[in-house]
Amino acid sequence: MTSSREGVWRQKPTAIYETEIVTCSLCGKMIPVKYWVVGQADGSEKIFCGPDCEQLYREYWLPKYGDQPSEKAQERSVELMTTPIPPFTPKKVPEVRTRYRKIVTELPAPDSVPLLETMARYEPRSMLGQPPVIWDHAEGFQVYDHYGNMWLDWTSGVLVANIGHSHPEVRQAILDEVERGLLHTYIFPNEARIRLVEKLVELAPPGLDKTLLLTTGSDVTEVALKLARGHGRMVGGEQKIRMISFTNAFHGRSLGAQLMGGIPKLKSWIGPLDESFLQVPFPDGFRCTDTSFELFLQSLENASVTPETVAGVIVESFQGGGVSFAPVEYMRRLREWCTRHDVVLVCDEVQAGFGRTGKMFAFEHYDIVPDILCCGKAISAGLPMSAVIARSALLDQYGPGEMSTTHSGNPVVARAALANIEVILRERLVEKARSMGELLHADLRQLQVEFRPVIGAVHGKGLVAGIHIVQPGTTDPDSVLAHRIVMECFQRGLLMFAPVGMATVKICPPLIITPDAMQEGLQVLREAFRAATKG
Ligand SMILES: Cc1ncc(COP(=O)(O)O)c(C=O)c1O
């Protein structure tokens, strides 16, 4: 412990809280990096300096839990934290003026602070944690605030704006529909919805011949669950209801989606878990080094799960938290196993679809076809829309009114989605993601060599990459460093969202990014790594 840290915890507890927030690599909750306020048994509070604070360990953890191995540091940090409203203190940063980036104020921009504070006051804590910029407008691969700053965007608004932000054709399509005077039809038919479901079936491989439009990614994974279980019961009776998914998987935040998810801390609110949901190790080749399909079979056997009781398997085509792909052989054998046992295979492409990985859909990398395809995010380039594309035998299980929502296939959103798909196809963005991805991944391989001790792995394909930040020389995540890297980029005009999964810095620019903008971003990333790892 350094002397400045000693100074911090000895201070009388005050309302001075925290200046930076990181995402816990275990549970995804937000943790203040610098000061923690820990409630004591007598109702008072104490400030501590962070997850490794020795005083925190001595005074609180040790009496309660005894001596624990150091890897427990993250866990105890999560249990003890209380996250206050951040003060959003503007910080002086060097001015940046290039073609793609402009930083001319302190960050956060001082004039944005009252609005940020209003946000923190009226929204739940769950909405905090991103670099503090209030988006004013976004175009192409750039994001602007109202105070003269401009960021090169490597988020695509969480893999939504594959064709770039505010594409003129999508804006026009929205305006046209609004001008015509149609904002909503419930599930009465509207032409845009009909054209869109037809288009999505055209894009999907043969056999996936019907589409249900919904609103969020969680909606579609819930529907996939309903379809798989309904089918299971029909072909295998009461017992065929189990859903198999993977460790570290994310399928959304509603109940079914979280039961299928593979991040235990995210489901602590549920209480006793339903035994018909089982997670098996995801073969990412980094934290799970056994990537053979035998591990899948063995995991079922260990849990005494027989195929006759399994209704479906749901897998992200790449796992979002680490941008990790399963081996091709594994996925082929999984497909065969599902077919043999009449188990529905669901590919969750909510973030992987629409060209991101250099294929229209990421499952194409495995040369398999799922029974159900879950789409969302980049389907409509900005307005809320998602889709389940599946075999009609699955989607037609339910009768009129038994599987629909108020906003299924909203006409304005459906027009936006149609325009979006047209742009993806016409501008050959799938091919572009593939070729630009080569540039990106070649550079990241060099970065990994340069910063080897703290980069455990780099995963991804096409224009999506995940840099796994680790404690030097281990596979233990270092979410503090990962967050620092993101903030260093932010202060230099390169926008990334907060680290995901186990301290993964995620890169996902719009697919229209130009080679020189990409190179500039990579240069900034390198500078950020240097600054964040220095000292
Ligand atoms: C693979 C995957 N499935 C489902 C979801 C949930 O989507 P939504 O946030 O739209 O509910 C996400 C969101 O990040 C996702 O990445």
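Please state which one of 197, 280 is farther than 28 Å from residue 327 by Cβ, assigned by TED's automatic domain parsing to the domain that holds residue 343 and more than 15 Å from the ligand (Cβ to nearest atom).
Unique residue meeting the criteria: 197.
Would you check which residues across the stretch 203-234 are more than 16 Å from residue 259 (Cβ to Cβ), of a type in the set (Ser, Thr, Tyr) and either without any contact (Cβ under 8 Å) to a residue 60 or more places away in the chain or away from the ligand (no atom under 16 Å from the Cβ) (or both) and list them?
Answer for the stretch 203-234, where residues must be more than 16 Å from residue 259 (Cβ to Cβ), of a type in the set (Ser, Thr, Tyr) and either without any contact (Cβ under 8 Å) to a residue 60 or more places away in the chain or away from the ligand (no atom under 16 Å from the Cβ) (or both): just 211.
Residue check: is residue 449 surrounded by fewer than 17 Cβ atoms within 10 Å (Cβ to Cβ) and at pLDDT 95 or above?
Yes: the conditions hold for residue 449.
Being surrounded by fewer than 22 Cβ atoms within 10 Å (Cβ to Cβ) and not charged (D, E, K, R) narrows it down to one of 482, 442, so name that one. Spell out how you get there, then give the answer.
Values: 482 fails: surrounded by fewer than 22 Cβ atoms within 10 Å (Cβ to Cβ).
The match here is 442.
Tell me which of these residue 333 doesn't satisfy, since it passes every other one: (1) over 30 Å from residue 172 (Cβ atoms); (2) away from the ligand (no atom under 16 Å from the Cβ); (3) assigned to a loop (DSSP other than H, G, I, E, B).
(3)
Could you look through the stretch 252-272, keep only residues that are closer than 24 Å to residue 298 by Cα and not in a helix (DSSP H, G or I), and pick out the one that is nearest to the ligand (Cβ to nearest atom)?
Restricting to residues being closer than 24 Å to residue 298 by Cα and not in a helix (DSSP H, G or I), the top hit is 261.
Exactly one condition in (1) within 14 Å of the ligand (Cβ to nearest atom); (2) not in a helix (DSSP H, G or I) is not met by residue 399; state its number.
(1)
Would you mind stating whether residue 333 is among the basic types (Lys, Arg) and either within 17 Å of residue 208 (Cβ to Cβ) or surrounded by fewer than 23 Cβ atoms within 10 Å (Cβ to Cβ) (or both)?
Working: among the basic types (Lys, Arg): yes; either within 17 Å of residue 208 (Cβ to Cβ) or surrounded by fewer than 23 Cβ atoms within 10 Å (Cβ to Cβ) (or both): yes.
Yes; evaluated as a whole, the condition is true for this residue.
Among the residues of the stretch 142-172, write down those that are hydroxyl-bearing (Ser, Thr, Tyr) and within 16 Å of the ligand (Cβ to nearest atom).
Listed by number, the residues that qualify are 155, 156.
The values are calculated or read from the model by the stated rules, or taken from the named source; none is laboratory data. Computed from a predicted structure; not experimentally measured. Glycine also receives a Cβ, built like all others from the backbone with ideal geometry; neighbour counts cover every protein chain displayed.
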